[in-house]
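**Student:** Supplied in structure tokens, the structure appears directly below.
Quick note: the coordinates plus some simple rules give every number you see, no bench work behind them. Predicted model only: the values in this text are computed from it and were never measured. When we count neighbours, we look across all protein chains shown, and the Cβ atoms used for this are built from the backbone with ideal geometry, even at glycine.
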Amino acid sequence: MNQDLKNLLKVQDFDQAIARLEEEREKIEQKEQKILDVIGTKEMQLKTAKEEKDAILKDKLFKEGLLADTLENLKKLDIKLNTSTSEKQLQAVNIEIEIAKTNKNVLEEKILSLEEDMDAKDKDIKELEDRYTQLQKTLEEHKTKFNERRREINVEIEEIKLNKEQLLNDVDKELLVKYEKLNKWTKGTSIVPVRKDACYGCFMKLTPQILTILEDTDEIVYCPNCGRMLYKEESDDDNG
């Protein structure tokens, strides 16, 4: 095999190793972001629940104020009833009293219902707060692991890049440019073996002429279909 191609194969191994580590790092980022998204959702739910509770409380206080006014009005109507001197006045006051009592009953029922709504909302808020606290704890636990693995990945990548840079000095610059152009879309499969007379990148059958060049020469051969660099895998017999 062409020595430059051998060196490029090692470079490709380094690139593949870096790609795997970067993919692992990306998955860590996604896991962390997923937890953050859930926490963000819980924060919004908690905020909404508290706003709803505040609205219920505001409505309850308003109706309690109306009830207090109604009760005060009933006291005044009782006094008015006792001081009424004519049948017409008595009838009018009694009608006002009945209306006030109806309003009082309606307000008391609404206030009771609002108190039940507040109790239910308090329960929802407590559950949301407990879940939020648990998620924060989970995030902190995972962050420690995530950060430790991220540091390890970064160190590994830097070591691989260093070894790759040292190897690049031994690769033909023009060939390296071609490899890097290929690698932009092949994603670590710029150099592939020939298996069963086919390119192992695009799996298209190769012509006898190309197979002969691979077998008998040291030239760099490109797949006519996908453009990848090809090499013939060494068998155990080839290695002696």
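**Student:** Of all residues in segment 179-203 being touching a residue at least 40 places away in the same chain (Cβ under 8 Å) and part of a helix (DSSP H, G or I), which is surrounded by the fewest Cβ atoms within 10 Å (Cβ to Cβ)?
**Tutor:** Here the answer is 183.
**Student:** Kindly list, by first and then second residue, each pair from a residue in segment 1-17 that is buried (at least 18 other Cβ atoms within 10 Å of the Cβ) to a residue that is of a type in the set (Lys, Arg), limited to pairs with Cβ atoms under 7 Å and residues at least 6 apart or on different chains.
**Tutor:** As it stands, the answer is 11/164; 14/164, since those pairs meet every condition given.
**Student:** I want to confirm something. Restricting to segment 133-171 and keeping residues that are among the charged types (D, E, K, R) and touching a residue at least 60 places away in the same chain (Cβ under 8 Å), which single residue is nearest to residue 44 (Cα to Cα)?
**Tutor:** Initially, segment 133-171 is screened for residues among the charged types (D, E, K, R), giving 137, 140-141, 143, 145, 148-152, 156, 158-159, 161, 164-165, 170.
Next, only the ones that are touching a residue at least 60 places away in the same chain (Cβ under 8 Å) stay: 143, 149-150, 156, 161, 164, 170.
Details: 143: 22, 149: 31, 150: 30, 156: 39, 161: 43, 164: 47, 170: 57 Å.
So, considering only residues that are among the charged types (D, E, K, R) and touching a residue at least 60 places away in the same chain (Cβ under 8 Å), the one nearest to residue 44 (Cα to Cα) is 143.
**Student:** Checking the conditions here, which among 119, 130 is without any contact (Cβ under 8 Å) to a residue 40 or more places away in the chain, farther than 21 Å from residue 58 by Cβ and part of a helix (DSSP H, G or I)? Talk me through it step by step, then tell me what you get.
**Tutor:** Details: 119 fails: farther than 21 Å from residue 58 by Cβ.
Going through 119, 130 in turn, the sole match is 130.
**Student:** Identify all residues within segment 38-87 that are over 28 Å from residue 112 (Cβ atoms) and either of a type in the set (Gly, Ala, Ser) or surrounded by fewer than 12 Cβ atoms within 10 Å (Cβ to Cβ) (or both); write none if there are none.
**Tutor:** 40, 44, 79, 82, 83, 84, 85, 86, 87
**Student:** Just give me the residues in segment 88-122 being exposed (fewer than 13 other Cβ atoms within 10 Å of the Cβ) and among the small types (Gly, Ala, Ser), in sequence order.
**Tutor:** Within segment 88-122, 120 is the sole residue that qualifies.
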